[in-house]
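Some notes on the structure that comes next.
Values quoted throughout were computed directly from the atomic coordinates according to the rules given, and no laboratory measurement underlies them. Keep in mind that this is a model prediction, so the values were computed, not measured. Virtual Cβ from ideal backbone geometry, glycine too; neighbours counted across all protein chains shown.
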Amino acid sequence: MTRPGLGLALSIGLLAPFAGAQEALAPKACRPLFTTSAAPADPGVLELEFGGQRIRNRDGSTDQQFPTQLNLGITRWLDVRVGWGGPLLRKDSQGTRVEGGTDPVVGAQLLALRQDRAGIDLGLAWWHKHPLASVSKGISSGRHDDTILVTCSRTVGRLLVDVNAGANFLGRPTGDGRVRQGAVSLALTYAVAPGWNLTLDSYALSATDLNKRATSSILALSRDVSPRLCVDLGVERGHDQGAPTYSLNAGLVYRLGPLWGRR
């Protein structure tokens, strides 16, 4: 065998195990950091999302909260969701503390196209916020809000791409009517090793007469502890005045079921 031929054979032999490992690795995001994957929860499966978050705001105040969400798969193309930001502890730049519960949300996610048939997952997500938290403490606007997003996902090798585009419809704290706030986000999840995934999630919210423009990025590392449990740890860095200066968050997703159908 010639030297070039020997070199080629050695290269193929050395790279083959890594190529096989790359094909075997499938990317998998843990919790939605900001961007939501197009795929709903599996039918009959109840997903518990729980996390802790510490936010440093531009005005020097800090927020600590423990967001929780439940997702229940109804069919292969639909799930229903209920969430809550959890108890909130807010401390302003002078050290004054405010505590209280946050507004709950309900929603649903619909999958219209699947990647195995259409080459892409494409769906629609909706959330509605019920204003039950304290207005006097500045925790709630006291108005109903809605969010509608087109969700799009595609897996290519070890990379998962999630894209969201839509709008928040925010109730005005005073007076009637709502304000439309555009929202777009992109999340890239890469399978770095078996059970380990790295996600970069960036989002932008348009400016309105109620809010400044917000753009920010979140970097998170997640670990699949078991087929039912994954955990993650992330850091966020805001890029302009409407976004937080930074935030730290950690959380998990635990899957129960299927509660009905084939086990």
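Annotations
- For the chain, the longest principal axis of the Cα atoms and the long axis of helix 3-24 meet at an angle of about 40 degrees.
- The equivalent ellipsoid of the stretch 151-218 has semi-axes of 33, 11, 8 Å, largest first, where each one is the square root of 5 times an eigenvalue of the Cα gyration tensor.
- Only helices enter this figure: runs of n ≥ 4 DSSP H residues, each worth -39500 (n - 2.57), summed and divided by the residues of the chain, yield -3000 deg cm²/dmol at 222 nm to the nearest 500.
- Theoretical FRET efficiency, 1/(1+(r/R0)^6), r = Cβ-Cβ of LEU221 and THR96, R0 25 Å, to 0.05: 0.10
- Note on the stretch 26-256: the alpha carbon radius of gyration divided by the globular reference 2.2 N^0.38 Å gives 1.01.
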